[in-house]
């Protein structure tokens with residue numbers, strides 16, 4: 001298995017470059033020395049000087065080698081051949097022909113080892129010719145030049161040839177060292193080349209035939225193409241199918257112009273990917289190969305695809321997420337603009353989903369969300385897009401809606417499919433849902449506006465009964481904007497301290513003594529003047545502002561009670577209404593304690609009025625709160641008794657102090673026999689539980705007298721006084 005192109009290490013490269021320069025210089029010197037020797041020999045007689053014919057044969061061999069570009073090999077060959085001839089010729093000239101015949105083969109073997117088989121043959125033939133020439137001269141006693149003895153010529157030639165021989169030895173030694181470095185480097189890189197898990201191969205730049213490859217490439221081809229790769233294989237033979245072959249030919253062709261580029265390629269096996277780099281190998285500006293490096297990035301690609309999937313899908317349900325949902329909605333609107341059809345946008349919200357998580361756990365809640373997503377996808381089919389917008393809110397896009405009057409049916413179908421209980425660990429859990437819907441282009445012409453309209457409809461649907469839907473109407477948005485404006489104004493009112501308290505006296509009906517006062521909130525609006533609680537309390541409760549407002553009322557009422565006590569009006573009980581929503585966050589106990597602490601009011605001067613809705617929705621927490629408040633000495637009353645649940649069980653368990661009869665039953669008491677019967681029943685209940693009764697809305701003396709006769713203990717209403725400011729309340733007290 002042959003590597004394609006091996007680069008040495010940095011140290012080896014430096015050594016090889018240095019040796020190459022030395023070899024180049026030595027080769028030039030050797031050739032010059034050789035030319036000098038041949039020139040001298042030719043000058044003093046071509047065929048009559050020692051080794052003349054042999055040198056001709058050697059010179060011809062050198063020319064052939066030089067023509068092939070083997071400069072270093074030519075220099076080495078020349079030096080060793082001349083050395084051999086000099087030794088043999090010298091021995092022959094001294095009459096040692098027999099020794100020359102023995103030394104000749106040994107010298108030829110050495111030269112053959114250094115210069116190769118062909119060089120050794122040339123040296124052998126040259127040596128034989130030189131021996132016979134020298135022997136012939138010696139036997140004939142021929143003196144070619146009477147001025148220059150043969151011995152001097154031989155000495156000069158021997159010195160020149162010895163110099164050339166030593167240079168040849170140095171050249172051969174350096175060459176062997178260079179070859180050793182290259183061999184070691186090739187061995188190291190070949191080990192790396194074949195040990196890497198990445199595939200590496202190279203091809204011919206002209207034919208694209210395989211010129212090298214490593215083990216990883218061979219294994220991959222054997223596994224996925226069921227072929228055994230060999231050097232020289234064509235693209236068609238490696239990649240089998242015409243489509244793959246054409247594809248890879250394009251890759252290689254592109255590499256010749258774009259010499260360093262990368263591609264991501266799907267491998268031969270399914271769902272696998274390769275990162276492939278192409279590099280053109282050049283020498284002196286001419287390409288001699290294309291190297292290819294392929295790295296398996298399947299896991300990286302899968303992770304990337306998973307990240308891309310998660311970026312556009314919900315991890316829990318697998319539905320499209322908000323981001324992908326927006327893209328789908330914009331695409332649907334663009335298509336609807338072209339086709340002149342409608343697009344319906346629905347928002348589905350689970351009612352009180354927090355209670356499901358609290359009761360059954362978050363794992364059960366997740367299971368419900370997944371089951372709900374499956375039901376929505378099933379009921380909507382392939383022609384709608386279902387997205388998960390947030391925790392328990394889903395968005396449905398209905399494109400190509402021909403008629404808007406079919407939308408109510410679609411909403412009903414969705415709600416019907418969700419009414420079937422969900423199964424969680426063999427437990428059936430029923431949930432209620434709301435749907436808000438709007439239609440493009442009837443209700444809105446942009447995706448943002450359409451979403452706003454659907455959310456508005458959803459908000460209105462949540463204010464109705466469970467499992468209901470609401471289609472958008474412009475009046476809804478107007479009302480919602482009014483509420484939002486009121487909410488913002490309430491936030492500003494809290495910041496600017498625009499709320500005030502008015503106080504309505506509570507009277508002992510038998511004696512006419514003032515027993516206390518009920519704190520009633522008012523909003524001194526800069527734009528609308530003085531507003532009662534009916535105008536803003538429901539908005540404060542809906543938007544979560546009631547806790548801040550209720551805390552302020554408690555503190556302000558307690559502080560006012562202390563001011564009256566300090567002013568000499570001792571014995572007045574301060575009654576404060578509590579909203580059911582103040583119990584949801586569990587802060588009401590702390591708020592009451594803070595109000596008492598900050599004001600310095602003794603607990604027995606405070607009365608907390610609880611509505612009947614609190615009794616049902618916050619049973620256990622209310623019991624704990626009442627137990628703490630009773631232990632502190634705080635008075636407790638049930639407000640508007642008879643308008644809500646009126647459960648006798650609550651009266652028995654809660655141990656409150658007072659029942660407050662709603663004004664609805666008090667008005668026209670002397671004329672309405674049914675109201676009279678209801679009030680009489682309430683009074684009997686209160687007496688049975690040893691509770692004080694107080695009636696609201698007493699406006700006439702006749703009603704007042706009737707209540708006293710029926711046994712009602714206390715009352716409040718316009719007959720005695722309207723709700724008054726603190727200063728007006730003090731002035732009123734002075735008149736009593």
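What the table below lists for this structure:
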| quantity | calculated |
| --- | --- |
| Residue 183/residue 286 FRET efficiency (R0 25 Å; Cβ-Cβ; nearest 0.05) | 0.45 |
| FRET efficiency, residue 563 to residue 430 (Cβ-Cβ, R0 56 Å, nearest 0.05) | 0.60 |
| Volume per residue that the Cα convex hull of region 356-420 spans, once the total is divided by residue count, Å³ | 87 |
| Quarter of the Cα convex hull surface for region 444-488, i.e. its orientation-mean projected area (nm²) | 3.5 |
| Stretch gain in nm, segment residue 535-residue 264, where the contour uses 0.36 nm per residue and the Cα spacing is subtracted | 90.9 nm |
| Fraction in percent of alpha-carbon pairs per bin - 5 Å, region 451-554 | 2, 10, 18, 17, 13, 12, 11, 7, 4, 3, 2, 1, 0 |
| Fewest-first sequence of 428, 454 by Cβ atoms within 10 Å of each Cβ | 428, 454 |
| Inter-label distance for residue 382 and residue 442, nm, one decimal - labels placed 7 Å from Cα along Cα-to-Cβ | 2.8 |
| Separation in nanometres of the label points that stand 7 Å from Cα toward Cβ, at residue 602 and residue 341 | 7.8 |
| Label point distance in nm, residue 403-residue 370, each placed 7 Å from Cα along Cα→Cβ | 4.1 |
| Region 362-376 residues near the modelled residue 423 label - backbone nitrogen below 19 Å, point 7 Å along Cα→Cβ | 363-376 |
| For region 314-401, alpha-carbon Rg relative to the globular expectation (2.2 N^0.38 Å, N residues) | 1.19 |
| Hull shadow area, averaged, region 396-452 [alpha-carbon convex hull, nm²] | 5.0 |
| Fully extended contour minus Cα-Cα distance, from residue 668 to residue 484, at 0.36 nm per residue | 62.4 nm |
| Span per principal axis, largest first, for the Cα atoms of region 654-725 (Å) | 33, 32, 18 |
| Residue-span extension gain [residue 215 to residue 198] - 0.36 nm each, minus C-alpha spacing | 5.2 nm |
| Sorted by Cβ density within 10 Å, fewest first, the residues 696, 541, 230, 527 | 527, 230, 541, 696 |
| Convex hull of region 315-472 built on C-alpha atoms - directionally averaged projected area, nm² | 8.6 |
| Förster radius 25 Å - calculated FRET efficiency between residue 702 and residue 511, Cβ distance, rounded to 0.05 | 0.80 |
| Alpha-carbon radius of gyration plus Dmax, which is the widest Cα pair, for region 196-300 in Å | 13.1, 42 |
| Virtual paramagnetic centre 7 Å along Cα→Cβ of residue 528, amide N under 16 Å, in region 478-521 | 478-494, 498-500, 521 |
| Convex hull volume per residue in cubic angstrom - Cα atoms of region 487-735 | 129 |
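All of the numbers you see were taken from the coordinates with simple rules; none came from a lab. The structure presented is a predicted model; accordingly, all values stated were derived computationally and were not measured. Note that each Cβ is placed from the backbone with ideal geometry, even for glycine, and that neighbours are counted across all protein chains shown.
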